[in-house]
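To keep things clear, I will list the structure first and then write my remarks on it.
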Amino acid sequence: MKQLYLLMIISIIPVIALAQQGSISGVVRTGESPVAFASIGIAGTTIGATADENGRFVLEQIPAGTHQLNVSAVGYRPQEKTVSVKAGEVTTVSITLQAQDARLREVVVTGTMRETYLLESPVAVEIYTPKYFQKNPTPAIFEALEIVNGVQPQINCNVCGTGDIHINGMEGAYTMVLIDGMPIVSALSTVYGLSGIPNSLIERVEIVKGPASTLYGSEAVAGLINIITKSPATAPRLSADVFYTSHRELNTDVGYSKQWQKASTLLSANYFRFNDRRDVNHDNFTDVPLQHRISIFNKWNLSRNQNRVAHLAARYYYEDRFGGELQWTPAFRAGDSIYGESVYTRRYEMLGAYQLPIQENVVLSYSYNDHLQNAAYGNTLYKGHQRVAFGQLVWDKDLALRHKLLLGAAFRYTWYDDNTPATQQGEGETQVNKPAQTLLPGAFAQHEYKASDKTTLLTGLRYDYNSEHGSILSPRFNARWSPNEDNTFRLSLGNGYRVVNLFTEDHAALTGAREIVIRNELKPEQSYNASLNYQRYVNFAGGFLNLEGSAFYTYFTNKIVADFLTDNNLIIYDNLSGHAISKGIALNTELAFTFPLRLHAGATLMDVYQVEQSAEGNEERIPQLQAPRFSGTFTASYQFRNLGLTLDYTGSVKGPMHLPVQKNDFRPEMSPWFSLQNLQATKAMGEGLEVYGGVKNLLNFMPKHPLMRPFDPFDKQIEVDNPDGYSFDTEYNYAPLQGRRFFVGLRYTLPQQAK
């Protein structure tokens, strides 16, 4: 009888338990759209579910009472919701998630030389992915940066089309360009090497505006651009991107990756050809230089215990570039009858990193590049050869009580030779060629203190010893304060320096159009910078708004300036007797909606000038050339999901900028307002295939008066009917000499096989 009672009690317990349970049924939305495959769980339990493609979910057998639902989905902010469950009833809920900019959780390395979330970095870092640059496809990273606010790819020669990258109005020589954190593009390669970095290599681009010499040494004065290359372990198995324009430009990118158990490799190749001698302005000179180049890149990753770093990459780059009179042929190279600028460039690069097999996190990074340039600028033949070897050992240590320490030692060796007075000693019969060799050992220390979840302090100091200029110190201080996850303030104080070799960095000194005069022995430039950055994240029912504003101020001493105005036939270099200033404000906005529209816009207002002190003690303010007071960028993308079609509208706006005019020049000393705009449509064909096409320079803008006296490029008739004493000049430029053109392209991606 007792056994029967026990059996009845045991059978009744589940019924009682079920009577005390209920269930939750709901839907997860963002605006009016469902959030597919969101994760839903009840805090403190193992009860959970995944929403279906319509955002609907059901949770069953939930004890009666009050519970907290935790809801999350990729690309959205996590949401908590309190729900009351009644016994034997179904509780219906509706949960709204707010979209989140995924970049805020991306990992960056450039600002502090260690991996950290973008939102938590004490240094303001901007991230741009290939998807962003694909909104306006270009053959190289140089042209792609046109749609980045505060970054200005500047063409410096109207004949050979060379250029550099300005940050916040400062010349390209103050911008350091890194590949995987290594100073690959520097000195001689800043003239031509930027055009040889294809977009197919890029995983992402990290940009820091402001001095970064404490971690990266010389040249990081205006800021730095770190090009992170793709990882062989995650790169598509096969990728191809080909486009062709109505101006007969052909660009081809092909990539292949292979993975094994212990290693993976990526092989990438880029081919670019432009062979159309266009002369829209009828000056008998090519509007755009002819180019024929190839770049081959190979990267290897090794799988090691404890995920230690080990990778090695190599790249070969060759380019044949010509600009000049339409009837020029190679037979006229370096002659004085038909003017042409013909440049052959060959580069070898190697870079890698290896984490030592010890308990501490110590990484050895290294790079080497060999750059050979053979150029003819009219009847001036220039041959330059540069080798740069770089090694760096970094110890990254997490200390107790929220402290992190970064210690490093670096060594840079630069060897340079050319056929100019830069590497010649003596005169007449005693003149000998002596290649320049520079040793630059250095050490740096950085301390990061996370005082709280809201406050992070960063201090650093670098010591370098230059074999020609002696000791150089570079301190820095950064602070981040986030009162909440929607607001972040960043303060940056720092020092930058740059050791100069004019013949390797300033294209104007190489063209042969003017004679070079160096008045005194040039001293290293120093800069002192302060900037304040504010980032605001705003959620609203239909999407999110990401606002970022910065105010910056940079003070230069020993700034090296080029005087184009004193004599039309000379470029006079000297350290500035006074000082130089770069100051301004910048604003970036990103607006995304729950419907498929995404907008980016940025504007920079700046004032860049130098103050010279005369022998009489008077000060004269001279504006910086090719530095517009206002510049802006914008992108707008809309996706027609049912059609698999995306429209991208991109562009830039530039205000008036001062230009290098001659004495009594008939050309305006200020450029006009202008805008370069592009429109593109991309159609997804399925299985990784996309077709795209559009128009570049939609408004067909081209600068006026690019060349002075193109009919007499060798100045043979300079004394004939020339009352103002004009001479042939190629430096007057403010925009690409390429009008409206249409393009069509094909993009294919074969992803990695699932393991």
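The values are calculated or read from the model by the stated rules, or taken from the named source; none is laboratory data. Treat the numbers as computed from the prediction; the structure is a model and nothing was measured. Heads up, the Cβs are rebuilt from the backbone with ideal geometry, glycines too, and the neighbour counts pull from every protein chain shown.
Going through ARG56, ARG114 one at a time, which residue ends up being basic (Lys, Arg) and more than 20 Å from ASN226 (Cβ to Cβ)?
ARG56
Here the strands (runs of 3 or more DSSP E) wholly within segment 231-322 that include at least 3 residues being without any contact (Cβ under 8 Å) to a residue 40 or more places away in the chain are 249-259, 263-274, 290-302. Name the residues in segment 65-96 that are surrounded by 12 or more Cβ atoms within 10 Å (Cβ to Cβ), in a loop (DSSP other than H, G, I, E, B) and within 41 Å of the chain's Cα centre (by Cα), would you? Result: ALA73, GLY75, ARG77, PRO78. Taken over segment 609-646, residues that are more than 30 Å from GLY688 (Cα to Cα) and outside any strand (DSSP E or B) amount to 10. Does ASN379 fit the bill of being farther than 26 Å from VAL499 by Cβ, surrounded by 13 or more Cβ atoms within 10 Å (Cβ to Cβ) and out of contact with any His (no Cβ under 6 Å at 6 or more places or on another chain)? It is true that ASN379 is farther than 26 Å from VAL499 by Cβ, surrounded by 13 or more Cβ atoms within 10 Å (Cβ to Cβ) and out of contact with any His (no Cβ under 6 Å at 6 or more places or on another chain). Taking the criterion of being assigned to a loop (DSSP other than H, G, I, E, B), surrounded by fewer than 17 Cβ atoms within 10 Å (Cβ to Cβ), modelled with pLDDT under 85 and touching a Pro at 6+ places or on another chain (Cβ under 7 Å), would at least one residue in segment 53-63 satisfy it? So far as segment 53-63 goes, yes, one or more of its residues are assigned to a loop (DSSP other than H, G, I, E, B), surrounded by fewer than 17 Cβ atoms within 10 Å (Cβ to Cβ), modelled with pLDDT under 85 and touching a Pro at 6+ places or on another chain (Cβ under 7 Å).
Residues in segment 97-135 that are assigned to a loop (DSSP other than H, G, I, E, B), at pLDDT 85 or above and either at positive phi or surrounded by 19 or more Cβ atoms within 10 Å (Cβ to Cβ) (or both): SER121, PRO122, VAL123, ALA124, VAL125, GLN134, LYS135. Taking the criterion of being out of contact with any Phe, Trp or Tyr (no Cβ under 6 Å at 6 or more places or on another chain), among the aliphatic types (A, V, I, L, M) and modelled with pLDDT of 85 or more, the residues of segment 18-52 that qualify are ILE24, VAL27, VAL28, ILE42.
A quick yes/no check of all residues on (1) charged (D, E, K, R); (2) touching a Leu at 6+ places or on another chain (Cβ under 9 Å); (3) modelled with pLDDT of 90 or more:
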| site | (1), (2), (3) |
| --- | --- |
| ILE358 | no, no, yes |
| TYR368 | no, yes, yes |
| ALA376 | no, no, yes |
| THR380 | no, yes, no |
| GLY384 | no, yes, no |
| ASP396 | yes, yes, yes |
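Of all residues in segment 418-444, exactly one satisfies the criterion of being part of a loop (DSSP other than H, G, I, E, B), surrounded by 12 or more Cβ atoms within 10 Å (Cβ to Cβ) and out of contact with any helix residue (DSSP H, G or I) (no Cβ under 9 Å at 6 or more places or on another chain), namely ASN419.
Residue pairs whose Cβ atoms lie under 6 Å apart, separated by 6 or more positions or on different chains, with the first residue in segment 136-147 and on the phi > 0 side of the Ramachandran plot and surrounded by fewer than 22 Cβ atoms within 10 Å (Cβ to Cβ) and the second not small (Gly, Ala, Ser) and not in a loop (DSSP other than H, G, I, E, B), do not occur.
Contact annotation: residue pairs with Cβ atoms under 8 Å, 6 or more positions apart or on different chains, pairing a residue in segment 152-174 that is assigned to a helix (DSSP H, G or I) with a partner that is acidic (Asp, Glu), are GLY172/ASP164; ALA173/ASP164; ALA173/GLU219; ALA173/GLU505; ALA173/ASP506; TYR174/GLU219.
Screening VAL363 on (1) modelled with pLDDT of 95 or more; (2) more than 27 Å from ARG462 (Cβ to Cβ); (3) not small (Gly, Ala, Ser) shows it passes everything except condition (2).
A single member of ALA586, ALA580, ALA603 is over 26 Å from GLN134 (Cα atoms), among the aliphatic types (A, V, I, L, M), surrounded by 15 or more Cβ atoms within 10 Å (Cβ to Cβ) and touching a residue at least 12 places away in the same chain (Cβ under 8 Å), and it is ALA580.
Restricting attention to segment 591-608, the residues that are in a loop (DSSP other than H, G, I, E, B) and either aromatic (Phe, Trp, Tyr) or under 18 Å from GLY172 (Cβ atoms) (or both) add up to 1. Please determine whether any residue of segment 445-461 is closer than 30 Å to ARG347 by Cβ and either surrounded by fewer than 13 Cβ atoms within 10 Å (Cβ to Cβ) or touching a residue at least 60 places away in the same chain (Cβ under 8 Å) (or both). There is no residue in segment 445-461 that is closer than 30 Å to ARG347 by Cβ and either surrounded by fewer than 13 Cβ atoms within 10 Å (Cβ to Cβ) or touching a residue at least 60 places away in the same chain (Cβ under 8 Å) (or both).
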